[in-house]
1. Please name which of His64, Tyr34, Gln20 has its Cα lying farthest along the dipole of segment 15-83 towards the positive end, using unit charges on Cβ (Lys, Arg +1; Asp, Glu -1) and the Cα centre as origin.
2. Count charges around Lys48 for me, please; just the other residues with Cβ under 12 Å from its Cβ, Lys/Arg as +1, Asp/Glu as -1.
3. With +1 assigned to the C-beta of every Lys and Arg and -1 to the C-beta of every Asp and Glu, and no other charges, what is the dipole magnitude of segment 1-153 about the Cα centre in debye, to the nearest 20?
4. Let me check against my output: what whole-number percent is the relative contact order of the chain, with C-alpha pairs under 8 Å and at least 6 apart?
5. Could you tell me the calculated FRET efficiency between Gln135 and Glu51, based on Cβ-Cβ distance and R0 = 41 angstrom, to the nearest 0.05?
6. Once you charge only the Cβ atoms, +1 for Lys and Arg and -1 for Asp and Glu, what is the size of the charge dipole of segment 1-89 about its Cα centre, to the nearest 20 debye?
7. Counting only complete DSSP H runs, which helices of the chain cover 20 Å or more along their long axis at the Cα atoms and score a mean Kyte-Doolittle of -0.5 or above?
8. Within segment 95-168, report the GluC sites (Glu not before Pro) that DSSP leaves as loop and that have at most 14 other Cβ atoms within 10 Å.
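Bear in mind these aren't lab numbers, they're just calculated from the coordinates by the rules spelled out. Quantities reported herein were computed from a predicted structural model and do not represent experimental measurements. Here the Cβ positions follow ideal geometry from the backbone for every residue, glycine too, while neighbour counts run over all protein chains shown.
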Amino acid sequence: MVVLSASCAEPPNKEMNQAQGALDAARAAGAGTYAAAEFKAAEDALRKSEEAVAAGDYRQALNHALDSRERAQTSAKMAVDGRAEARAQAERAITEVATLLSRAQTELKDPDVIRGARDLKSPRATVTKVEAMLQGARKALASENYGAVATTLNGAAAQLQAALNELDGAVAPKTAPRKR
């Protein structure tokens, strides 16, 4: 009992500093983006710890500081996982668009498509536009701005698929109407 009351006779500065360090590490790991709710809870717990110190309730301050540290550590782990998942999604989106783009570029060079198509301006314009979008998405991926990858490639796959459908229609065999 004496030890417990003695440990709560002064502010839990060590635990509060540990909580602040864990918050700083979580922030550096991207917890504000990838584990926002848990990170905010950790910040709130540290703020409550500081308020409890100001009110002289060191036992409550200690509880909040320990809670803050634990939540900050959890948010850092969640951020690592969230960042990895965001990167994987961004890479999948880039791969999908790059594959469709490659297919469209190949079809635009196909002699059957060139001969059969009346107008290749629209598919060529789409390919040019998506090439620029893909370049921007790759830059965003390189700078680890995974949200920008999805924004940059928004609609690119659908536009390429429409262009491919148009090109496929240009070379589809036209059947003559049957006579009876």
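1. Farthest towards the positive end: Tyr34.
2. Around Lys48, the charge tally is -4.
3. Using only the charged Cβ atoms, the result is roughly 800 debye.
4. 21
5. 0.25
6. Result for segment 1-89 is approximately 240 debye, rounded to the nearest 20.
7. Membrane-span-like by this criterion, though nothing is claimed about a membrane: 36-55, 121-142, 156-171.
8. Glu144
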